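Novice: Take this structure, written in structure tokens, and hold onto it; I'll ask about it next.
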Amino acid sequence: MGLFKKKKSSEKATSDMAGGRPDREWWPDLTAYRKAILLHNITLSEVDALLKEYAGLWKDDSQVVCDFLYTSLPDDEAWIYLEFPNFENAPHYINFWNYQDLLVWLSQKTDREFCLAIPRDQHAPLFLSTMDRNNPHGDSCVGIYADRDFYFEIPANLFEWGPVPTSAFDYMGFLRDTFQFDTRWIPKVSQCKWERTRITLTYSV
């Protein structure tokens, strides 16, 4: 099973939601997750600058002050681990949209990047997304949630499920083979010195 390949327009959504396009209220709810963005070949100062630039992109009704914490991974300092905070009092789909949009924004200075969200409940599914390299506009993501492919086009607010899988997705193997990333590096971030960037973001509900 691979990451999502966009279905042909002639294919129809089925009752099991393969190819379905749910309303935003039914997008993945990652509120109870530790959400990270992993970035390769980018400096801490570039992350700080991009976060501050990102804060000025949107001018909407609601505001939220966000602290972004990030650090280099001790096993491979070319990788930066960035924590994505939950927006207080914002619907989960607002958090999801910004989580994916920020990945796209930061990717302009990286050569490899992906989101990995780990649930607090060990029985809940992992979440993984990365840039859609088949999109020349660079404004969409593909990923896996609950072993199910998805496609997310950010400007259109379009979330689309892919086919129902025939087998479980190998997260660790995919990250190792595609990004040369070892998930055993992640627990060591607790030993690192963290950088902090505080920005004010705006969003519309």
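Novice: Out of the residues in the stretch 81-125 meeting the condition of being aliphatic (A, V, I, L, M) and touching an Asp or Glu at 6+ places or on another chain (Cβ under 9 Å), tell me which one is most open to solvent (accessible area, probe 1.4 Å).
Specialist: VAL104
Novice: Related question: If you go through the stretch 130-148, how many residues are assigned to a strand (DSSP E or B) and within 20 Å of PHE181 (Cβ to Cβ)?
Specialist: Number satisfying all stated conditions: 7.
Novice: Identify, please: which residue in the stretch 140-163 is more than 14 Å from the chain's Cα centre (by Cα) and more than 16 Å from PHE127 (Cα to Cα) and is, among those, modelled with the lowest pLDDT?
Specialist: Once the filter is applied, the top-ranked residue is PRO163.
Novice: Can you name the residue in the stretch 162-200 that is open to solvent by 70 Å² or more (accessible area, probe 1.4 Å) and among the aliphatic types (A, V, I, L, M) and is also nearest to VAL65 (Cα to Cα) among such residues?
Specialist: Restricting to residues being open to solvent by 70 Å² or more (accessible area, probe 1.4 Å) and among the aliphatic types (A, V, I, L, M), the top hit is MET172.
Novice: I would also like to ask the following. Of all residues in the stretch 108-129, which are farther than 15 Å from ALA36 by Cβ and of a type outside the set (D, E, K, R)?
Specialist: The answer is GLN108, GLN122, HIS123, ALA124, PRO125.
Novice: Exactly one of (1) hydrophobic (A, V, I, L, M, F, W, C); (2) in contact with a strand residue (DSSP E or B) (Cβ under 8 Å, 6 or more places away or on another chain); (3) assigned to a helix (DSSP H, G or I) is unmet by LEU116. Its number?
Specialist: With respect to (1) hydrophobic (A, V, I, L, M, F, W, C); (2) in contact with a strand residue (DSSP E or B) (Cβ under 8 Å, 6 or more places away or on another chain); (3) assigned to a helix (DSSP H, G or I), LEU116 is out only on (3).
Novice: Restricting to the stretch 30-62, what's the tally of residues that are under 18 Å from TYR93 (Cβ atoms) and surrounded by fewer than 16 Cβ atoms within 10 Å (Cβ to Cβ)?
Specialist: Qualifying residue count for the region: 6.
Novice: Do the conditions hold for HIS123, that is, is it part of a loop (DSSP other than H, G, I, E, B), within 21 Å of PRO187 (Cβ to Cβ) and out of contact with any Leu (no Cβ under 8 Å at 6 or more places or on another chain)?
Specialist: Against the criterion (part of a loop (DSSP other than H, G, I, E, B), within 21 Å of PRO187 (Cβ to Cβ) and out of contact with any Leu (no Cβ under 8 Å at 6 or more places or on another chain)), HIS123 qualifies.
Novice: For PHE159, which of the numbered conditions (1) outside any helix (DSSP H, G or I); (2) open to solvent by 20 Å² or more (accessible area, probe 1.4 Å); (3) closer than 26 Å to LEU51 by Cβ; (4) not hydroxyl-bearing (Ser, Thr, Tyr) fails to hold?
Specialist: It fails just one condition, (2).
Novice: Answer yes or no: is there a residue in the stretch 160-167 that is under 25 Å from GLU83 (Cβ atoms) and touching a residue at least 12 places away in the same chain (Cβ under 8 Å).
Specialist: no
The values are calculated or read from the model by the stated rules, or taken from the named source; none is laboratory data. Please read all numbers here as calculations on a predicted model, not as lab measurements. Don't worry about glycine lacking a Cβ; one is built from the backbone with ideal geometry, like all the others, and counts go over all protein chains shown. With ligands, DNA and RNA removed, areas are computed over all heavy atoms of the protein, side chains included. Shrake-Rupley method; radii C 1.70, N 1.55, O 1.52, S 1.80 Å.
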